[in-house]
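The values are calculated or read from the model by the stated rules, or taken from the named source; none is laboratory data. In this text the structure is predicted, and so the values were computed from the model without any measurement. Because the Cβ atoms are built from the backbone with ideal geometry, glycine has one as well, and the counts that use them run over all protein chains shown. Each accessible area value is taken on the protein alone, full model and side chains, heavy atoms only, with ligands, DNA and RNA left out. Shrake-Rupley method; radii C 1.70, N 1.55, O 1.52, S 1.80 Å.
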Amino acid sequence: MNIEQHMKFWLDGAAHDLEAAESLFNASKFDWSLFLGHLVLEKALKAVYVRDNENEIPPRTHNLVKLAEATNLKIDEETKLFLDEITYFNLEVRYPDYKSEFYKKCSYSFCEEKLVRIKDFLQWIKKDILLNQL
């Protein structure tokens, strides 16, 4: 797979997961919607990783901050905090110790706010990709 195909693989996966996240949001499955929101950003960041690391296979990590730091993206501390928060959505849905507290936190407004930010970050990544095409 060349770099463009590899990046497309990750971006297509992100788009698919975003559709599923929105469907889950509309079905009031807010915790799982945010879990998929995490995957949206993970896959988008892996597309940038491929671009910035000469088509290297992205690391098998769910840590969005580590992924972002392994790219040439310019992210500030506020963005790192956001990515760190979204990373926890991956853990909080899957593990019983975290799940109950996370489920209580996942109101309509909480999820809506996070999904808006996830979509905005995805658009920022896509814009970066377009501006910095190979």
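Computed on the chain, with alpha-carbon pairs under 8 angstrom and 6+ residues apart, the relative contact order is 28 percent.
Split the chain at each of the GluC sites (Glu not before Pro) in a DSSP loop with at most 14 other beta carbon atoms within 10 Å, and the longest piece is 57-134. Considering only Cα-Cα distances, which of the following residue pairs are longer than 25 Å: Lys8/Lys104; Lys43/Lys114; Lys74/Lys105; Lys46/Lys74? Too far apart for the 25 Å limit: Lys8/Lys104; Lys74/Lys105.
A simple charge model with +1 on the Cβ of Lys and Arg, -1 on the Cβ of Asp and Glu and nothing else charged puts the dipole of the chain at about 200 debye relative to its Cα centre.
For the chain, with all protein chains in place and a probe radius of 1.4 Å, 52% of the accessible heavy-atom surface sits on carbon or sulfur.
For the range 66-76, putting each phi into the Karplus relation 6.51 cos²θ - 1.76 cosθ + 1.60 with θ = phi - 60° gives couplings of 4, 4, 4, 5, 8, 10, 8, 5, 9, 10, 8 Hz, in residue order, rounded to whole numbers and with x for Gly and Pro.
Overall, the range 28-78 carries a charge dipole of about 280 debye about its Cα centre when +1 sits on the Cβ of Lys and Arg and -1 on the Cβ of Asp and Glu, all other atoms neutral.
When you filter the trypsin sites (Lys or Arg not before Pro) in the range 1-105 for DSSP loop state and at most 14 other Cβ atoms inside 10 Å of their Cβ, you are left with Arg60, Lys74. Computed over the alpha-carbon atoms, the chain gives an Rg to Rh ratio of 0.97, Rh here being the Kirkwood radius from the mean inverse distance.
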